[in-house]
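J.: Let me give you the structure first, and then I'll get to my questions.
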Amino acid sequence: MMKFYDPFILPFVIGLYFIFAYLGIKFAVMLIRIGKPERKKIAKGIFSVKTLSAVKEVFLEALLHKRIFKVNPMLGYMHMSLAFGWFLLILFGKIGTLSYSRDFFNPIHYAIFFKYFEPRDPAFFYSKTYFLLMDSFLLFILSGLTLAIVKRFRTRIFGMKKTTRLRFFDRMALTSLWLIFPFRLLAESFTSGAFQSGHFLSGTLGSVFAGFLPVENLMYPAWWAYSLALGFFFVSLPFSRYMHIPTEMLLIFLRKWGLDTGTKMSGYAEAQVLSCSRCGICIDNCQLKTAGETQANPVYFIQALRNQQVNPALAMNCLQCGRCEEICPVKIDIRQLRLITRQHLTPDQSDYHYLPVEQPVKADVIFFGGCMTHLTPGIVAAMKKLVAESGEKVWFMDEQESVCCGRPQLLAGEAESAMRLIEHNRQLITGSGAKLLVTSCPICLTVFVREYNLGIEVLHHSQYLLRLTRSQKIRPKPALLKIAYHDPCELGRGNAIYEEPRQLINSSAILVKTKHEKQMSLCCGGSLGNLQLNADQQNLILDETLQSLTAANPDIIATSCPLCKKTFQKSSPVPVLDIAEIAAGTWQHYIQPASQNQEKANIHELAENQLMN
Amino acid sequence: MATFGFSILKDRQIDYDNNDHRLFRFIEEQEPSIRLCIGCGGCTAGCTAAGFTGFNYRKLNYLLMRGETEHLQKGIQQCMLCGKCKLVCPRGVNTRNMIFALKRAFKTPLWEELQKKINV
């Protein structure tokens, strides 16, 4: 293959072989570390439709970047032009050389430096269209590159308040990536200028350059520069954020084949870490920013994880609200990665040998309030009232003393201790013979659904109350109240329950729209998942969320999580009630009729006037 | 210590001359809010684990602050981490982080040193 050789191709060729070798080894190690049961899933999925749908997703996400388009069209275009444009350039470049040389085994660099080896634009049967296309693709990429440079200095145009801080290898890779395409343009233009060839971009620029530059002498250095930029980019890629390009594709396949993150730092978790492109879209959506925390945002946490620099303060500082996962274009399991690191950092030392032996009570339905509901007795009172009205036979399992559901331990990375509590509660629940478990706490709900394997139906009380309303066992009292509903993180993003509480509220009162709803709802700040934030920082988050909720001047803030309720009550300007309290009509205790308010205001005015006189 | 001619029950005695505050300082660095405790006991009144056992967060916090490390490890192990204590705390003490900082401290050489001192 010495036919197409020149020393300047060496940086590119060396870089390319390096990256192929590196990726081959890295991916092989990752697949080995994935573990046996997960590898079986791969074997099962590889020859199924799942692979085809993975190919589709790779096309949509790794090349077109559909999810980033949804966040911001400009940002999406920037990513698409670089990824898809480069892909087209490589693909068509290869097709072109194949059509021309009719040698299937022509070397890779022949296609990349085609213009150097064939400077006179050789003719083959669709060569006109081909060169037109190649120039268009390059222009397409350059337009995205311009946006990328603008974005570094003016992030707000792209709908982002903050972009990520870069590390050394990121800078190196970024610089070489930015230089690749301008160098290609220069090399092709100089060559076109020297040989009077080229098309609308390279040809025009070439003749312009030829007018005042010694293009014959500049041509060769430009090709060297182009090759060097490519080589540098390939060599720095594995150590920079651009490792996400190859890894994301692997990740998409693995995910489609049904792998999940699990509870250990497996090869799959590693693939997720490497797939983070540090695009920084999560930064604006992470409420840690509101709390003044700039080190623990998802993107920096994953970066620290990749560089093995995770410390307890970083791992523990996450609300586990899941807003980052909603917006992440790569769909990385960020919450779970954080929990895995928590496990490693704090050894599980809990000792629950003191748990008592309790006797289950026979019932059809069990109500489990959970620890947090103990702090908001209004919810239990409302539930009791509603249950009495409905005539259902319900056992209030944890009315007196109760054992925790196990979720706080899981959130703190103590999986083994959690299992002991789970086992205790499971025996009580299955022993009662109930067919339905209702909980008013979304935190408990998550663990009941995911870890308990009860074999009976588990409902959140909003779903249960809606069911009772639909079957007309209870009739919520109508109320002329404007209610703003807050989606608890664990209920909404955690368990995808958005509609039931809204329908329940709508059955008796008026629901008003709020700024952050459903998938993008804010966290109350009281999160059990965060062990690091201090009270002041939590209050900053609380204030932000309350502001968003009270923007439409509601009479009441409703929520369906006792933790959210308790947190809001600290500083909410309007009463905060659980949906059970609204359905049961206990809201009347908190809201004074308008006339009474008026009376009060009059009295105040009177008193003030008297003082003035 | 000066003798005044009467005896004090050993259990009722806090000997600041002998108590070792290194552990407290180590934890305080990671969770400064533990100093804010006014000992109201709200944490312990609502505690889930305290319903079944003698677990007492307020007591443990005080023992730590006084440098009495003897009963800390056994005590902390009983916590169910539910976080009610943090919600009711009027001073905003980050109780759960204190517990985790302690759990990590139990794996440090400092703790081993303190253990040896207690056993002597």
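J.: For residues in the stretch B:44-58 being part of a loop (DSSP other than H, G, I, E, B) and free of Cβ contacts under 8 Å to residues at least 40 places away in the same chain, which is farthest from the other protein chains (Cβ to nearest Cβ)?
T.: Step by step, filter the stretch B:44-58, then rank; the result is B:N56.
J.: Could you run through the stretch A:516-571 and say how many residues are in a helix (DSSP H, G or I), polar (S, T, N, Q) and more than 9 Å from chain B (Cβ to nearest Cβ)?
T.: Total satisfying the criteria: 7.
J.: Can you confirm whether the stretch A:330-338 contains a residue that is within 11 Å of chain B (Cβ to nearest Cβ) and part of a helix (DSSP H, G or I)?
T.: Looking through the stretch A:330-338, none of the residues is within 11 Å of chain B (Cβ to nearest Cβ) and part of a helix (DSSP H, G or I).
J.: Going by the structure shown, is A:N317 closer than 21 Å to A:K289 by Cα, free of Cβ contacts under 8 Å to residues at least 40 places away in the same chain and within 14 Å of chain B (Cβ to nearest Cβ)?
T.: No: the conditions fail for A:N317.
J.: Do any residues in the stretch A:345-370 that are away from every other protein chain (no Cβ under 13 Å) and more than 27 Å from A:H460 (Cβ to Cβ) have Cβ atoms under 6 Å from those of residues that are at pLDDT 90 or above and not in a loop (DSSP other than H, G, I, E, B), where the two are at least six apart or on different chains, and which pairs are they?
T.: none
J.: If you check A:C444, A:C404, which single one turns out to be within 11 Å of chain B (Cβ to nearest Cβ), at pLDDT 95 or above and either farther than 26 Å from A:T586 by Cα or part of a helix (DSSP H, G or I) (or both)?
T.: A:C444
J.: Exactly one condition in (1) within 14 Å of chain B (Cβ to nearest Cβ); (2) outside any helix (DSSP H, G or I) is false for A:A418; which is it?
T.: (2)
J.: Still on this model: Tally up the residues in the stretch B:88-98 that are under 20 Å from B:A49 (Cβ atoms) and in contact (Cβ under 8 Å) with a residue 24 or more places away in the chain, please.
T.: Total meeting the criteria: 7.
J.: Limited to the stretch A:205-253, what total is found for residues that are touching a Phe, Trp or Tyr at 6+ places or on another chain (Cβ under 9 Å), outside any helix (DSSP H, G or I) and surrounded by fewer than 18 Cβ atoms within 10 Å (Cβ to Cβ)?
T.: 1
J.: Any residue at all in the stretch B:70-92 that's over 18 Å from A:L355 (Cα atoms), aliphatic (A, V, I, L, M) and facing chain A (nearest Cβ under 9 Å)?
T.: yes
J.: Another question, if that's okay. Which members of the stretch A:298-329 meet the condition of being in a loop (DSSP other than H, G, I, E, B), within 19 Å of A:G413 (Cα to Cα) and out of contact with any Ser or Thr (no Cβ under 9 Å at 6 or more places or on another chain)?
T.: Residues satisfying the conditions are A:Q308, A:Q309, A:N311, A:N317, A:G322.
J.: Oh, and also: Only one of (1) surrounded by fewer than 23 Cβ atoms within 10 Å (Cβ to Cβ); (2) more than 24 Å from the chain's Cα centre (by Cα); (3) part of a helix (DSSP H, G or I) is not met by A:Q343, so which one is it?
T.: (2)
J.: How about the stretch A:455-507: which of its residues are in a loop (DSSP other than H, G, I, E, B), under 30 Å from the mean Cα position of the chain (by Cα) and aliphatic (A, V, I, L, M)?
T.: Result: A:L491, A:A496, A:I497.
J.: State which residue is surrounded by the most Cβ atoms within 10 Å (Cβ to Cβ) when the search covers only the stretch A:463-513 and only residues that are small (G, A, S) and under 16 Å from A:P554 (Cβ atoms).
T.: A:A484
J.: Looking at the stretch A:17-39, which of its residues are surrounded by fewer than 16 Cβ atoms within 10 Å (Cβ to Cβ), more than 27 Å from the chain's Cα centre (by Cα) and not aliphatic (A, V, I, L, M)?
T.: A:Y17, A:F18, A:F20, A:G24, A:K36
J.: If you don't mind, there's one more thing I want to ask. Counting just the residues of the stretch A:572-594 that are polar (S, T, N, Q) and not in a helix (DSSP H, G or I), which one comes out nearest to the other protein chains (Cβ to nearest Cβ)?
T.: A:S572
The values are calculated or read from the model by the stated rules, or taken from the named source; none is laboratory data. Please read all numbers here as calculations on a predicted model, not as lab measurements. FYI the Cβ positions are ideal-geometry reconstructions off the backbone, even for glycines, and counts take in every protein chain you see.
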